[in-house]
Amino acid sequence: MSKAWCVFLIFWFKGSMMGEKQLMSGQTWLCTAAASLCIISCIASLSSIALIAINRYVYICWHNSYGRLFTRRRSVAALVSTWVAGVVFDSPNHVGWSSHGFDTKTQKCLWDRAAAYHYSVFFVVGGMLLPFVITTICYWRIFAHIRVVKKRILRTQFQV
């Protein structure tokens, strides 16, 4: 459900943008709000995908530990943490490390990639690459686990 809200917010805000003249004609708050919602939603979305991958990995590869690790309370805390991570990744734009602005190249309000190189690296590595790497590792480990189990099953079938 959280993933659905992320996608809804991203497309609703991005689809409702009219262009630089409408956004920047004395209404920079609108661009800032759109950029903040986009960044928070994108980080929450990518983090949710990584959490789903972790959930599937534990369920398939460590099934005996699944019930202990993924209780209702911990699952809710993990879901909330995805949105908190989004706020954490966007907050530097509000405290002066970087800023939001209209990007004429993409015709969208985003963080100003030219304002602070270090923030761009922080955002891309921590907010995008980290969830991607976690997801990739989890699904790779699931694939490897399934291959081992498949070989074990085939060995026992031929021993009978």
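Values quoted throughout were computed directly from the atomic coordinates according to the rules given, and no laboratory measurement underlies them. No experiment lies behind these values; they were computed from the predicted model shown. For neighbour counting, all protein chains shown are included, and Cβ atoms are generated from backbone atoms with ideal geometry for every residue, glycine included.
For C109, the amide hydrogen comes within under 5 Å of the amide hydrogens of D103, counting only partners 5 or more places away or on other chains and with H modelled in the peptide plane. Cβ-to-Cβ counts within 10 Å put K150, K108 in ascending order as K150, K108, the fewest first.
Between H94 and A114, the simple spin-label model (points 7 angstrom out along Cα→Cβ) gives 2.6 nm. When each of the peptides 86-93, 33-40, 122-129 is scored by how many other beta carbons lie within 10 Å of its residues on average, the order from highest to lowest is 33-40, 86-93, 122-129. Using the Cβ-Cβ distance between I137 and V76 with R0 set to 30 Å, the FRET efficiency works out to roughly 0.80. Each residue of region 80-94 is assigned a 3J(HN,Hα), and the resulting list reads 5, 5, 5, 6, 5, 4, x, 5, 4, 6, 8, 4, x, 5, 9 Hz, derived from the Karplus form 6.51 cos²θ - 1.76 cosθ + 1.60 (θ = phi - 60°), x at Gly and Pro.
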